[in-house]
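Below you'll find the structure, written out as structure tokens, and then a few comments.
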Amino acid sequence: MERTKSLLQAPTYGNLITILSIDGGGIRGVIPGTILCFLESELQRLDGENVRLADYFDVMAGTSTGGLVTAMLTAPDDNNRPLFAAKDIKQFYLDHCPNIFPQASSLFNHGRKILKSLEGPKYDGEYLHNLAKEKLGSTRLHQTLTNIVIPTFDIKRMQPTIFSSYEVKRTPSLDALLSDICIGTSAAPTYLPAHHFKTKGGDNGEVREFHLVDGGVAANNPALAAISEVSKEIYSGSPDFFPIKPTDYYRFLVLSLGTGTTKCEEKYSAESAAKWGILGWLTSGGSTPLIDVFTHASADMVDFHLSTVFKALHCEENYIRIQDDTLIGDLASVDIATQENLEKLVITGEDLLKKPVTKVNLATGICEPISHHTNEEILKRLAEILSKERRLRDIRSPHNKHDHDDGHKRVLENLV
């Protein structure tokens, strides 16, 4: 199994380890998609219109809808460039979400859908399955253009299964089709069916079965999973990384993108939840409280942990979390895929760029402004750092792999 060469020189030639993480959240993936479109446009302003996010991040991690975005941005096309540009993500969601999550046309049909959800998943997943296979084709985990980390949960083994570009080198049976990984990490319980597939890997042709549901069960915010995968690689002695001590984590640069939450309002209450049985936990409040609880808890706990660790190591600025906790009504849903709601989510992402940088208050869980700088401004600064890091690695590396980008080579010649 020959690993596809990364578009980015190894971190050992630079100063930083760059990580992009994208939460799960169904149709709300439009929000981080909008953020990434802005970031990529800033990188193109600095380094030329042909550059892509995969040219700058050592690792891209995504759960559920974030896993789908990660695959889109890292799967190679026929020219060994990313299959999708960040600007394509918004239109992808607008075009396909209404078919992935078809809406009931009447109150009668809506009632039928609720009754159907008591016996099986709310949606059959057929459109998503066909779409993933069509777009991602025969591409496997080891072929992505930069390293990826996509969490899932195997309900037969009752444990998380993390599809990692690092781990696949040691465990060939993880080398699944990207389409199967995306379908598995997106299989939200009660919404989409669990996904079963097999792989064959290793010299002995080991066959492995997977029985997967949504990665949000394990890590709706996959930032910590990505850092853990990199840490394992560092401590295994990989030549791609410079030696690092536990206190050197200031060399990690993490951009973590949420898909929005409803912290600004009381969505549920103990008084109402105290009366719920199985049906109540699955269908109250126009959504699925049980799913909301574990995905929000999973994402928040990772944010709490990373905020604390980066602060303790005096490098808070190296952990950038962009999240909107003011969503209400249909905007907070994972599957109300009407054209109107999807377009409002795009606007929500655009508005989030103009909002001030926030950090989570560890006592309240609320995102509070910490600076007069906006998310847009912090992303512009991040683009400058990523661009300089990439150039530094190219200068230090004994071999330059960016022959495909003449504009970037001219920049390097000017620097040297």
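The values are calculated or read from the model by the stated rules, or taken from the named source; none is laboratory data. Model, not experiment: these values are computed from the prediction. Note: ideal-geometry Cβ built from the backbone for every residue, glycine included; neighbour counts use all protein chains shown. Note: accessible area is taken over every heavy atom of the protein model, side chains too, but ligands, DNA and RNA are not part of it. Shrake-Rupley method; radii C 1.70, N 1.55, O 1.52, S 1.80 Å.
See the values below:
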quantity: Residue match in the stretch 177-198 (condition: touching a helix residue (DSSP H, G or I) at 6+ places or on another chain (Cβ under 7 Å), modelled with pLDDT under 95 and not hydrophobic (A, V, I, L, M, F, W, C)); calculated: yes
quantity: Qualifying residue in the stretch 71-85 (condition: part of a helix (DSSP H, G or I) and either open to solvent by 10 Å² or more (accessible area, probe 1.4 Å) or modelled with pLDDT under 95 (or both)); calculated: no
quantity: Scan of the stretch 4-44 for residues that are open to solvent by 10 Å² or more (accessible area, probe 1.4 Å), among the polar types (S, T, N, Q) and under 20 Å from the mean Cα position of the chain (by Cα), ordered by number; calculated: 6, 34, 41
quantity: Qualifying position, being part of a loop (DSSP other than H, G, I, E, B) and touching a Gly at 6+ places or on another chain (Cβ under 9 Å), among 29, 33, 67, 24; calculated: 24
quantity: Qualifying residue in the stretch 318-341 (condition: assigned to a loop (DSSP other than H, G, I, E, B), open to solvent by 70 Å² or more (accessible area, probe 1.4 Å) and more than 25 Å from residue 39 (Cα to Cα)); calculated: yes
quantity: Top-ranked residue of the stretch 130-148 - restricted to ones that are open to solvent by 40 Å² or more (accessible area, probe 1.4 Å) and not in a loop (DSSP other than H, G, I, E, B), ranked as farthest from residue 214 (Cα to Cα); calculated: 143
quantity: Boolean, residue 293 is loosely packed, with under 14 Cβ neighbours inside 10 Å, at negative phi and of a type in the set (Val, Ile, Thr); calculated: yes
quantity: Residue within the stretch 198-210 that is buried (at least 24 other Cβ atoms within 10 Å of the Cβ) and either touching a Lys or Arg at 6+ places or on another chain (Cβ under 8 Å) or outside any helix (DSSP H, G or I) (or both) present; calculated: no
quantity: Matching residues in the stretch 196-223 - criterion: being closer than 30 Å to residue 32 by Cα and free of Cβ contacts under 8 Å to residues at least 24 places away in the same chain; calculated: 196, 197
quantity: Every residue from the stretch 365-380 that is part of a helix (DSSP H, G or I) and surrounded by fewer than 16 Cβ atoms within 10 Å (Cβ to Cβ); calculated: 377
quantity: Any hit, the stretch 245-256, residues being farther than 29 Å from residue 382 by Cα, in contact with a strand residue (DSSP E or B) (Cβ under 6 Å, 6 or more places away or on another chain) and β-branched (Val, Ile, Thr); calculated: no
quantity: Test: residue in the stretch 127-134 that is over 19 Å from residue 227 (Cα atoms) and of a type in the set (Phe, Trp, Tyr); calculated: yes
quantity: Any hit, the stretch 300-307, residues being within 22 Å of residue 21 (Cβ to Cβ), out of contact with any Cys (no Cβ under 7 Å at 6 or more places or on another chain) and not in a helix (DSSP H, G or I); calculated: no
quantity: Per-region count, the stretch 350-364, residues open to solvent by 40 Å² or more (accessible area, probe 1.4 Å) and in a strand (DSSP E or B); calculated: 2
quantity: Which listed residue, of 152, 171, is open to solvent by less than 10 Å² (accessible area, probe 1.4 Å), in contact (Cβ under 8 Å) with a residue 12 or more places away in the chain and either of a type outside the set (A, V, I, L, M, F, W, C) or more than 14 Å from residue 222 (Cβ to Cβ) (or both); calculated: 152
